[in-house]
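Chemist: Take this structure, written in structure tokens, and hold onto it; I'll ask about it next.
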Amino acid sequence: MASSGVRFGTSGARGLVADMSDEVCYAYTAAFLHAISASKGGVALAMDLRPSSPRIAEACAAAIQAAGLRVDWCGTIPTPALALYAQTQQIPAVMITGSHIPFDRNGIKFYSASGEITKTDEAAIANAVISVPKHGLLAELPPAKPDAHRMYMARYLDFFPSGPLAGMKLGFYEHSSVGRDLLSELLRALGAEVVSLGRVDEFVPIDTEAVSEADVAQARRWAGQYGFDAILSTDGDADRPLLGDEHGDWFRGDVAGILCAQYLGAQAVVTTVSCNTAVESCGAFSRVVRTRIGSPYVIEGIEQLIGAGIDKVVGFEPNGGFLVGSPIERDGRTLAALLTRDAVLPILSLLSMAREAGIPVSALQKRLPSRFTASDRLQNFATETSRVLLQTLSASPAAIEALLDGLCGKPIGLDQTDGLRITLKGDEIVHFRPSGNAPELRCYAEAATPARAAQLVHDSLERLESGRVR
């Protein structure tokens with residue numbers, strides 16, 4: 001880990017493809033199997049559609065076989081589909097994916113039989129002592145098993161009533177999402193008419209927390225051209241959703257998470273410190289817990305609530321990924337827990353919510369308090385530079401005031417749970433943090449209107465990039 005530059009981020013091990021050598025990928029997988037004491041049975045393995053993923057999968061397969069374990073090759077499927085298969089079979093899983101990060105990077109996500117690994121598990125992997133052979137670092141992948149695809153389809157066909165999306169015309173921005181075929185099949189099985197949009201062979205990194213201006217404009221053009229009831233998409237490994245309304249306006253991930261939790265009748269919610277404050281002010285949940293950013297932290301929060309005897313616990317992140325911590329019952333149907341981010345559940349829940357209420361998808365957001373968030377990032381911004389900047393700001397209220405002078409009210413509160421979250425006079429928030437997955441500095445903002453939140457993000461990042469902090 002120290003020498004390769006491939007390290008754990010907010011979810012899984014990530015690094016440059018050039019650094020993810022056969023030795024590194026083999027070693028990470030061997031260390032994972034050692035840390036969770038996997039000694040018999042199989043290990044589920046799958047990948048996304050990045051061109052670098054097959055070779056990484058072969059290195060992971062070699063490590064699995066060297067440990068005396070069976071490779072359950074599930075092919076190219078969404079990360080949550082692999083996690084569900086592993087949970088059902090009670091075996092570990094390894095997913096080759098870089099999710100939304102740039103093309104020149106990739107990653108490996110690890111799952112125990114109970115779900116995504118925790119930060120404690122990551123530490124055990126980092127401290128594992130393993131041997132890497134000089135030869136045999138790649139293994140041929142066996143024929144793909146269809147079971148994971150089938151189980152994931154059944155999860156939602158069994159939970160949602162028959163034909164809940166009948167009469168809906170949906171645009172599906174497929175790009176290079178690994179879930180594009182499965183999700184299209186599922187939506188049609190639930191009654192929707194699905195129109196394929198933007199399908200490409202080359203890999204396109206889609207960040208659901210920082211949707212590009214081009215994708216914003218394209219969604220609106222598609223909406224005007226086709227007359228969709230909604231437009232949807234996912235990130236590369238289909239664990240983070242994008243849902244747009246009939247106008248082609250994309251929902252923020254935390255808004256989708258709040259609405260999904262309401263639709264499922266959740267009692268308690270675990271989310272990250274960067275989430276929209278509507279999660280508390282909407283009054284729908286008896287308990288809201290905020291954590292550091294990253295699904296392992298959300299999972300730890302979910303497990304703590306369940307351990308305290310709280311039922312109907314869910315979690316979500318502002319990127320839209322939704323986690324089911326305990327079984328959810330609705331209309332006599334039960335949805336099993338799945339402790340990993342999932343893109344499909346919030347998409348289906350919001351579409352079903354709109355259909356059941358007889359309202360357009362755009363009207364769903366009006367059910368929540370008028371609090372709006374925005375986010376963006378400075379790319380190719382060294383992580384160490386981000387940390388130094390935030391240390392300077394954290395240590396000096398004067399530096400914060402100088403950075404934000406003339407843009408917003410004076411700071412009245414600081415939260416350093418993850419990065420630096422600044423509460424300002426006028427009921428606004430600006431939050432900076434280094435990305436855990438790539439050399440990027442992220443900014444989140446919250447305000448009373450979408451335009452104001454977007455302005456706070458844009459101007460704050462512009463000021464940081466120009467060197468306004470000294």
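The values are calculated or read from the model by the stated rules, or taken from the named source; none is laboratory data. Since the model is a prediction, treat every value here as computed from it, not as a measurement. We work out accessible area using only protein heavy atoms, side chains counted, and drop any ligands, DNA or RNA first. Shrake-Rupley method; radii C 1.70, N 1.55, O 1.52, S 1.80 Å.
Chemist: 222 nm [θ] for the chain, helices only, -39500 (n - 2.57) per DSSP H run of 4+, per residue, to 500?
Modeler: -11000 deg cm²/dmol
Chemist: Using the reciprocal of the averaged 1/r over all distinct C-alpha pairs, how large is the Kirkwood radius of the range 352-392 in Å?
Modeler: 14.1
Chemist: How large is the convex hull of the C-alpha atoms of the range 342-470 per residue, in Å³?
Modeler: Spelled out: Cα convex hull of the range 342-470, divided by residues, is 124 Å³.
Chemist: What is the distance in Å between the Cα centres of the range 430-448 and the range 340-385?
Modeler: First find each Cα centre; the distance between them is then 17 Å.
Chemist: A follow-up question, please. Just check the range 1-63 against the gyration tensor rule for me: Cα atoms, a ≥ b ≥ c as the square roots of the eigenvalues, rounded for a/c under 1.5, and otherwise prolate or oblate depending on whether a/b exceeds b/c.
Modeler: Because a/c hits 1.5 or more and a/b fails to exceed b/c, the range 1-63 counts as oblate.
Chemist: Of the listed pairs K366/K425; K40/K109; K119/K312, which have alpha-carbon separations greater than 22 Å here?
Modeler: Long pairs (Cα-Cα over 22 Å): K366/K425; K119/K312.
Chemist: Tell me the carbon and sulfur percent of the accessible area for the chain, rounded to whole percent, probe radius 1.4 Å.
Modeler: For the chain, the apolar C and S fraction of the accessible surface comes to 49 percent.
Chemist: Using a 1.4 angstrom probe, figure out how much accessible area the range 13-144 has per residue, in square angstrom, rounded to the nearest whole.
Modeler: Per-residue value: 36 Å².
Chemist: If you take the Cα atoms of the range 288-400, find Rg, then find the Kirkwood Rh from the mean of 1/r over all pairs, what is Rg/Rh?
Modeler: 1.07
Chemist: Just to confirm, what accessible area per residue do you get for the range 321-470 at 1.4 Å probe, in whole Å²?
Modeler: In whole numbers, the range 321-470 has 42 Å² accessible per residue.
Chemist: Apply the a/c threshold of 1.5 to the C-alpha gyration tensor of the range 410-466 and tell me whether it is rounded, prolate or oblate.
Modeler: Cα axes put the range 410-466 in the oblate bin.
Chemist: Per the Debye formula with a single identical scatterer at each Cα and no solvent contribution, what log10 I(q)/I(0) holds for the chain at q = 0.14 Å⁻¹?
Modeler: Treating every Cα as an identical point scatterer, log10 I(q)/I(0) equals -1.42.
Chemist: Give me the percent of Cα-Cα pairs in the range 1-109 that sit more than 23 Å apart, rounded to a whole number.
Modeler: In whole percent, the long-distance tail amounts to 19.
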